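Each remark here refers to the structure printed beneath this line.
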Amino acid sequence: MTAVDLGMPRARSTGAPDTAGRPDHPGLIDRFGRVARDLRVSVTEKCSLRCTYCMPAEGLPAIARDDLLTPAEIARLVRIGVRDLGIREVRFTGGEPLMRADLAEIIGLSAEAAPGIDLSITTNGIGLDHRVRSLVDAGLTRVNISLDTVDREHFAALTRRDRLPAVFAGVAAAHAAGLTPLKLNAVMMRQTVGHAPELLAWAIANGCRLRFIEQMPLDADHAWLRENMVDAAELLEVLGTRFALTPVGRPDDPSAPAEEWLVDGGPDTVGIIASVTRSFCSACDRTRITAEGTVRSCLFGDDETDLRGLLRGGADDGEIARWWRGAMWGKQSGHGMERAGFRPPVRSMGAIGG
Ligand code: SAM
Ligand code: SF4
């Protein structure tokens, strides 16, 4: 076993993962019968913001350029994932994916490698106005923008950067490029929960679908405390002071992480991803590749399997697929936050790829 650069999770680079008991299944099945079909690929650890629930103030330690997967390597993994392992959608994340100057090339080569597959990004939106045309031309099909508050001062405090106008420009650009319906993600934080109704009103007025996310213990500063966390029940109470909310469950997809509510009778909706209080681990269908090319089967599991070494060591597609299957077979049953002695993972959210 050797360590990788960021935060030193355990990364297997020798000896294949333990696949004892694994059925002869072509896809990414795990011991609990879940099959991963949704691939998240982190493309960088760099970011234009420093959200307190994610990054340290000084940013993450830089990954050496040679340690990052190249566009061609990412596209090869996308091809293997889609063609051989049953992946049905691919989302590029980070860090901030727009910090990679070659993001259009990553998307373009991935679109060629897996024609027809849904290729999206999760972004803070900063700089999207300058890039969106080239990204859509390359094959980008959807974008999720993260926006926690529309109050400039709160935004600056939460993200440690005064960049709210740039995010608004990104939202407008995504609309103008036809990337609709545009989803907004907001992490529920104690400092901003009082402004949640204002954010929802803004999202509706600007034609966006807003989803709130419970904060998970994935901050680099390890300051998360369950008792400080704003949970779904509290958020619903706050939103209820301004809107009439009618629960509609998960109308589009019963395994989707977000539960939805109609706002003032509809058609607008608001979603809540209650990752902590109503864990959806038993329905999790995600597999993650970090920016340095390790497979991470769970946000909360530090065990990683190195595919970059295989990619660069001349392994054929079948061998890479075999290791990826093995990595996912070892996926843990859930995040384990409810267990006494729970310890957050070594990597923070920005170093995993959320
Ligand atoms: N920089 C991009 C962005 O912010 O959208 C992509 C990477 S970011 C890590 C992906 C998503 O993870 C964002 O929606 C962000 O709000 C969310 N996130 C980060 N830290 C989180 C935490 N501790 N708990 C819940 N969600 C978190
Ligand atoms: Fe950057 Fe996204 Fe993390 Fe905020 S959540 S610090 S925008 S990677």
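The values are calculated or read from the model by the stated rules, or taken from the named source; none is laboratory data. Just so it is clear, the model here is predicted, and its values are computed rather than measured. Neighbour counts are summed over all protein chains in view; Cβ atoms, including those assigned to glycine, are modelled from backbone coordinates with ideal geometry.
Observations on the model:
- Restricting attention to the stretch 326-345, the residues being out of contact with any strand residue (DSSP E or B) (no Cβ under 6 Å at 6 or more places or on another chain) and surrounded by 15 or more Cβ atoms within 10 Å (Cβ to Cβ) number 11.
- Matching option when the condition is among the small types (G, A, S), away from ligand 1 (no atom under 16 Å from the Cβ), part of a loop (DSSP other than H, G, I, E, B) and at pLDDT below 95, among G7, G15, G33: G15
- From the list R322, R339, the lone residue that is out of contact with any Leu (no Cβ under 7 Å at 6 or more places or on another chain), more than 20 Å from A20 (Cβ to Cβ) and not aliphatic (A, V, I, L, M) is R339.
- Within the option set V132, V143, V136, V150, being of a type in the set (V, I, T), more than 9 Å from ligand 1 (Cβ to nearest atom) and part of a loop (DSSP other than H, G, I, E, B) holds for one residue only, V150.
- Complete set of residues in the stretch 177-194 that are out of contact with any Phe, Trp or Tyr (no Cβ under 6 Å at 6 or more places or on another chain), touching a residue at least 40 places away in the same chain (Cβ under 8 Å) and hydrophobic (A, V, I, L, M, F, W, C): A177, L179, L184, M189, V193
- Pair list, Cβ < 9 Å and 6+ apart or interchain, from the stretch 92-107 residues that are in contact (Cβ under 8 Å) with a residue 60 or more places away in the chain to residues that are acidic (D, E) and more than 9 Å from ligand 1 (Cβ to nearest atom): G94/E45; G95/E45
- Filter result for P97 (within 16 Å of ligand 2 (Cβ to nearest atom) and crowded, with 23+ Cβ neighbours inside 10 Å): yes
- 1 or more residues closer than 19 Å to E45 by Cβ and touching a residue at least 12 places away in the same chain (Cβ under 8 Å): qualifying helices (runs of 4 or more DSSP H) within the stretch 296-354: 308-312, 349-352
- Within the stretch 121-140, tally of residues that are among the charged types (D, E, K, R) and either closer than 15 Å to T180 by Cα or touching a residue at least 40 places away in the same chain (Cβ under 8 Å) (or both): 2
- As a summary of the residue check, S275 satisfies the conditions (1) outside any helix (DSSP H, G or I); (2) more than 19 Å from the chain's Cα centre (by Cα); (3) in contact (Cβ under 8 Å) with a residue 40 or more places away in the chain except for the one numbered (2).
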